[in-house]
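S.K.: This is the structure I want to talk about, given as structure tokens.
Read the figures in this text as sums done on the coordinates, not as results from a lab. Quick caveat: nothing in here was measured; it's all calculated off a predicted structure. Please note: Cβ atoms are built from the backbone with ideal geometry, for glycine as well, and neighbour counts cover all protein chains shown.
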Amino acid sequence: MKKKTKIAFLDRDGVINSSKINRGYIGKVRDFKWLKGSKKAIKYLKLKKFKVVIVTNQSGIARGYFSLKDLYKINRHIVSELKKIDTKVDKIVFCPYHEDGIVKKYKKRSNLRKPNIGMFEKINKIWKVDKQKSFMIGDQLTDMQFAKKAGIKGYLFNSEDLYSYVKSIAIL
């Protein structure tokens, strides 16, 4: 039987990225701004033996605000910035779809889009998620609904410093 893995699911915009530019549709590396304590929080979670997974709705792709290529550039930026402090995220999972999109390829309903749990299911196929020890930190109601549907704890983040917030969570 596959060993269960404790996973910290983190939303991107509003949790790791503090930028509110373009109504929160962040498609350029220059618009991505690390939220205070977010890199340190990821490093701390890794030291506590969590897999760290970013789960993020990116409907800006479907809406034509930015491309998949732009999103991959931001993902590479996140990875390289974390590498500088000797840490990492284990996976970045995203949903580019939205039913109101204007880009035909991405204009659809998707189980990947939070509050649905397609992204959780993807991760559960890679690592058997230990639902008792795993959790989601997000800044939206949809993140909390995602956590509930996935059967993990959800923490609604509305602070200025992710590291302090993560340290305050009793699960750790």
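S.K.: Residues in the stretch 1-21 that are in contact with an Asp or Glu (Cβ under 7 Å, 6 or more places away or on another chain) and touching a residue at least 24 places away in the same chain (Cβ under 8 Å): how many?
M.R.: 6
S.K.: Being under 18 Å from residue 36 (Cα atoms), of a type in the set (Phe, Trp, Tyr) and outside any loop (DSSP other than H, G, I, E, B) is the filter here, so list the residues in the stretch 130-172 that pass it.
M.R.: 155, 163, 165
S.K.: I would also like to ask the following. Give the stretch 56-104 a look and list any residue that's within 23 Å of residue 46 (Cβ to Cβ), surrounded by fewer than 19 Cβ atoms within 10 Å (Cβ to Cβ) and hydroxyl-bearing (Ser, Thr, Tyr), or say none.
M.R.: The answer is 72, 80, 87.
A quick yes/no check of all residues on (1) over 24 Å from residue 113 (Cα atoms); (2) in contact with a Gly (Cβ under 7 Å, 6 or more places away or on another chain):
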site	(1), (2)
133	no, no
139	no, yes
145	no, no
148	no, yes
151	no, no
155	no, no
162	no, yes
165	yes, no
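S.K.: For the stretch 23-40, which positions are surrounded by fewer than 16 Cβ atoms within 10 Å (Cβ to Cβ), touching a helix residue (DSSP H, G or I) at 6+ places or on another chain (Cβ under 8 Å) and under 22 Å from residue 166 (Cβ atoms)?
M.R.: Scanning the stretch 23-40 gives a single hit, 36.
S.K.: Looking at 49, 88, 114, 43 in this structure, which one is of a type outside the set (S, T, N, Q), in contact with a Cys (Cβ under 8 Å, 6 or more places away or on another chain), under 27 Å from residue 167 (Cα atoms) and not in a strand (DSSP E or B)?
M.R.: Unique residue meeting the criteria: 114.
S.K.: Filter the stretch 119-129 down to the residues that are buried (at least 16 other Cβ atoms within 10 Å of the Cβ) and part of a helix (DSSP H, G or I) and list them by number.
M.R.: Passing the criteria: 119, 120, 123, 124.
S.K.: Quick check on the stretch 63-73. Is at least one of its residues farther than 22 Å from residue 157 by Cα, hydroxyl-bearing (Ser, Thr, Tyr) and more than 17 Å from the chain's Cα centre (by Cα)?
M.R.: Within the stretch 63-73 (the criterion being farther than 22 Å from residue 157 by Cα, hydroxyl-bearing (Ser, Thr, Tyr) and more than 17 Å from the chain's Cα centre (by Cα)), the answer is yes, since at least one residue qualifies.
S.K.: Please specify each residue of the stretch 116-139 satisfying the condition of being in contact with a Leu (Cβ under 8 Å, 6 or more places away or on another chain) and in contact (Cβ under 8 Å) with a residue 24 or more places away in the chain.
M.R.: Within the stretch 116-139, 119, 122, 136, 137, 138, 139 meet the criteria.
S.K.: Would you point out the residue of the stretch 35-81, among those that are aliphatic (A, V, I, L, M) and touching a Ser or Thr at 6+ places or on another chain (Cβ under 8 Å), that is farthest from residue 122 (Cα to Cα)?
M.R.: Filtering the stretch 35-81 for residues that are aliphatic (A, V, I, L, M) and touching a Ser or Thr at 6+ places or on another chain (Cβ under 8 Å), the one farthest from residue 122 (Cα to Cα) comes out as 35.
S.K.: Restricting to the stretch 22-39, name every residue that is without any contact (Cβ under 8 Å) to a residue 12 or more places away in the chain and either in contact with a strand residue (DSSP E or B) (Cβ under 6 Å, 6 or more places away or on another chain) or at positive phi (or both).
M.R.: Matches in the stretch 22-39: 23, 24.
S.K.: Any idea how many residues of the stretch 158-170 are more than 15 Å from residue 44 (Cβ to Cβ) and in contact (Cβ under 8 Å) with a residue 40 or more places away in the chain?
M.R.: Final tally of qualifying residues: 1.
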